[in-house]
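*Asks:* Below is one structure. I have some questions about it.
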Amino acid sequence: MQLLIILGLILFFALTDAGIYVLLRSKAYTRIATLKASEDNMYKEIQELSDEVKELKNQEDRLRKSVIQLEQEEAAAKQSKEQSESLSAETILLQENIVSSAQLQKAQNYLENNNSSMHIVDALILLNIINLATANYVRSKLKGNS
């Protein structure tokens, strides 16, 4: 009889342990499946963010190229304007016999040798070829032409 009770208790504990094992295992598999789904979603989000970063970098590159192109166009327009003003100043200076060709060439050489962005009239003042009043006269003529 005692043996039967001992065997019954062993069977009861074995069945209880098996039930607990199955329950824990089921919960573990459920949790693993949830984590796997969560991981898959994270990888998808990472890929989407990576694609978005690539697109933003491409947009940044395009914008940088546009800015560079605009800066080049502005520089070219400014240079063209300065050249046309410079040519007009040279024309006024020569036509009205304010300076000679040699004096004008001296001022142009000064600008080129010094890599100066200074206006030709300013170079003539600096070289003491014309005075301030004459420079103001030429500038007023230039403004009248614009």
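Just so you know, all these numbers are worked out from the coordinates, no wet-lab data involved. These numbers were taken from a predicted model, which means no experiment stands behind them. Cβ sites come from the backbone with ideal geometry, for glycine too, and all protein chains shown count toward neighbours.
*Asks:* Sort through 124, 104 and tell me the only one that's part of a helix (DSSP H, G or I), in contact with an Asp or Glu (Cβ under 7 Å, 6 or more places away or on another chain) and under 17 Å from residue 91 (Cα atoms).
*Replies:* 104
*Asks:* Residue by residue through the stretch 127-146, note down the ones that are hydroxyl-bearing (Ser, Thr, Tyr) and part of a helix (DSSP H, G or I).
*Replies:* 134, 137, 140
*Asks:* Could you count how many residues in the stretch 89-101 are in contact with a helix residue (DSSP H, G or I) (Cβ under 7 Å, 6 or more places away or on another chain) and not in a helix (DSSP H, G or I)?
*Replies:* 2
*Asks:* Next up: Taking residue 59 as the residue in question, decide whether it is in contact (Cβ under 8 Å) with a residue 24 or more places away in the chain, in a helix (DSSP H, G or I) and over 18 Å from residue 143 (Cβ atoms).
*Replies:* No.
*Asks:* Then there is this: Has the stretch 18-30 got any residue that is surrounded by 10 or more Cβ atoms within 10 Å (Cβ to Cβ), part of a helix (DSSP H, G or I) and either under 42 Å from the mean Cα position of the chain (by Cα) or of a type in the set (Asp, Glu) (or both)?
*Replies:* no
*Asks:* Inside the stretch 110-135, can you point out the residues that are within 42 Å of the chain's Cα centre (by Cα) and loosely packed, with under 12 Cβ neighbours inside 10 Å?
*Replies:* 112, 113, 114, 115, 117
*Asks:* Any idea how many residues of the stretch 90-108 are surrounded by 16 or more Cβ atoms within 10 Å (Cβ to Cβ), of a type in the set (D, E, K, R) and more than 47 Å from the chain's Cα centre (by Cα)?
*Replies:* 0
*Asks:* Can you tell me which residue within the stretch 128-141, out of those that are touching a helix residue (DSSP H, G or I) at 6+ places or on another chain (Cβ under 6 Å) and either hydrophobic (A, V, I, L, M, F, W, C) or free of Cβ contacts under 8 Å to residues at least 24 places away in the same chain (or both), is nearest to residue 80 (Cα to Cα)?
*Replies:* Checking each candidate, the answer is 138.
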